[in-house]
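Nothing in this text is a laboratory measurement; each read-out follows from the coordinates by a stated rule. Keep in mind that what you see is a predicted model, and the values were worked out from it rather than measured. Note: ideal-geometry Cβ built from the backbone for every residue, glycine included; neighbour counts use all protein chains shown.
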Amino acid sequence: MDALDRASQLRRGIDRMMVALAGRGVAPGGVCNLRAARTATIRRGRRVERIEAEQLDAVGAAPILKQYLRENALVRPQVAAGVDDPVSAFEATADRYPVFLIRPVLAYHRVARRTEPVVCLHMGTGLVWGTVRMAAVTGVLALVLVGAGCAASEVPRESPAAVTPSSTAAEAEVKLVDVGNGRSVSATCWGSGSPAVIFLHGLIMQGDSDGWAHSPELQQRIAPETTYCEYERVNVGASSKVDGPFAVTDTVADLKGLIQGLGLASPVVLVGGSFGGLVAYTYAGTHPADVAGAVLLDPTLQSEDEIEKSLLPESMWLPYEAWEDTREQIDVLGAYPVAREALAGIPSVPGTIFVTESLEAPDPASAEAFRAGIRQMQADLIAHFDPSATITVDAPHAMLPIVPDEIAAAVIGMVDAAG
């Protein structure tokens, strides 16, 4: 993630930061594992959360460190820079005090589970043993690790080159669009041209900010090329509040109403991340004439419920009441059969699926079969598009901030082909 994108996200207040301190002059304990795997399970009391983590560079970490010291007097002696020093002083020492941007992992990597196995910190390269103390501050999650060191040769990934914000950003207007059936959704569009691109966000979970529904990374890159729109589904932001469980068929109907309400010319290009990917290809199969192409970012897959029942113990199956865990109140379990039925209706339009290089399996006993099943589902899904492409990226499930250039290039290529 480059500095510009990171600044946009911090201003939206959607992200949490993890500060790893190991005492003055001591290499940060265990952060080597977190750098390598970029995932972990953290526990605070009875709360368990699976996270994805990306280490910030010195420019991004410095203001977070300064804020952390301002709000936590007890740790100030551990950091070389002082609370009254300029941000540049924190940049000079940021390599000694790593700061990670963290986000929750959904499912095995998509939907929150109530029976997830718990370890203190598990990074894929081994357990990190030591004393862990966690303290919540405003927008910052502080993780103090004492223990295993990190080899000097292991360094964070380089950040992509910065981009210039779209000149259309100031012209954007938030609209409350009547989508029919007594519902309205909040939408924002930038730029001009056809086909328009619509971003479909992943599931917004309880406790998540509305910012999860937006992608400044895509807006900055796509709006200069064509019309780019984002919207908040029901129960998010200023959109209508409805009781759950909310059917995915109604979500698809809302998207149809949005396209008409915004006056966008059909067909459009859909970009969907996680559950938004399921909405995108379900829409394509339900309203094929409306879609010029789809870019799916590690989408929720059409038969995840079936692979769970065939390979996982019942205690790990997604329960019906999982909709209660989402702010959107969407019937996640009921979405799978609807998505499967829609596949046959997907038109012969371009489709690109971005998939993660590594796949996490929830049960070691069936890990190999589970990973193979997920890969097969990904292949089966994208095969319904023509032409189709699969792009494997070294990024976590929440990949947009990590590989925005690659994703935007795929989208713009689809726009150019349709034009």
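Sorting ASP386, ASP250, ASP84 by the number of Cβ atoms found within 10 Å of their own Cβ, with the fewest placed first, yields ASP84, ASP386, ASP250.
Modelled spin labels at ALA289 and SER209, positioned 7 Å past Cα toward Cβ, are 4.2 nm from each other. Computed on the Cα atoms alone, the convex hull of the range 356-419 gives a volume of 82 cubic angstrom per residue. Summarising the label geometry, the points placed 7 Å from Cα in the beta-carbon direction at SER358 and VAL393 lie 1.7 nm from one another. Close amide H pairs (under 5 Å, H built 1.01 Å from N) link ALA361 with no residue at least 5 positions away or on another chain.
Annotation for ALA409 and LYS309: the two label points, set 7 Å from Cα along the Cα-Cβ direction, are 4.2 nm apart. Partners of LYS256 within straight-line reach, counting lysines whose Cα lies under 30 Å from its Cα and excluding those fewer than 8 residues away in the same chain: LYS175, LYS241. Using alpha carbons only, how many angstrom separate the centre of the range 273-349 from the centre of the range 368-410? Distance between centres, Cα-based: 15 Å. What the phi angles of the range 288-298 give under the Karplus curve with 6.51, -1.76 and 1.60, with θ = phi - 60°, is a coupling list of x, 6, 8, 10, 8, x, 9, 10, 10, 9, 6 Hz, glycine and proline written as x. For LEU296, LEU400, the sequence from fewest to most other C-beta atoms within 10 Å is LEU400, LEU296. The fewest-to-most ranking of ARG340, ARG375, ARG327 by surrounding Cβ atoms within 10 Å reads ARG375, ARG340, ARG327. Of the chymotrypsin sites (Phe, Trp or Tyr not before Pro) in the range 203-282, not one is in a loop by DSSP (not H, G, I, E or B) with at most 16 other beta carbons within 10 Å.
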